[in-house]
Amino acid sequence: MTFFSNSAEETIELGKKIGASLKKGDVIALQGTLGAGKTTITKGIALSLGVKEDITSPTFCLISEYAGKMPLYHIDVYRLGGAEEFVDLGADDMMYGDGVCLIEWSEKVMSELPKTSIILKIDVIEDTKRRITLENWHHESLEQ
């Protein structure tokens, strides 16, 4: 499933639609270059899950947990050395827990993610235009 976004606002709106379909135990593997919009789409997902806090990139703290209709675990593995460090973080508890888990830079830890993980790729087309692709989407169809 492929979508195009022409602004951060459109990316947030798509995130809201994605988030509205998510269920407990869903894992989203976020992929894209630095500045592609991984945290921006996470903001929309968080809004649809009832998260009131401001969403920021967890690059330096590695994991941010937010309360909403269900817990949202936002993990950034950019600074990790690999899959073993990801496991050492206790990622299984979050991926198989009571909430939704979003993992930025997931390319580094794909071997440790559930086979049912939703892969969300963001490609930069131009300054503000993005191509957003969902793979392994197992929920109802999204309309943009």
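Remarks
- The number of residues in the range 1-34 being charged (D, E, K, R) and part of a loop (DSSP other than H, G, I, E, B) comes to 3.
- The range 38-59 residues that are at positive phi, paired with ones that are surrounded by fewer than 22 Cβ atoms within 10 Å (Cβ to Cβ) (beta carbon under 8 Å, 6 or more apart): GLY50/GLY68; GLY50/LYS69
- Test: residue in the range 63-84 that is free of Cβ contacts under 8 Å to residues at least 12 places away in the same chain and among the aliphatic types (A, V, I, L, M): no
- Residue, nearest to LYS129 (Cα to Cα), within the range 1-34, restricted to residues that are loosely packed, with under 15 Cβ neighbours inside 10 Å and without any contact (Cβ under 8 Å) to a residue 40 or more places away in the chain: GLU9
Throughout, read-outs are computed from the coordinates displayed, never taken from laboratory work. Just so it is clear, the structure is predicted and the values come from calculations on it, not from any experiment. Heads up, the Cβs are rebuilt from the backbone with ideal geometry, glycines too, and the neighbour counts pull from every protein chain shown.
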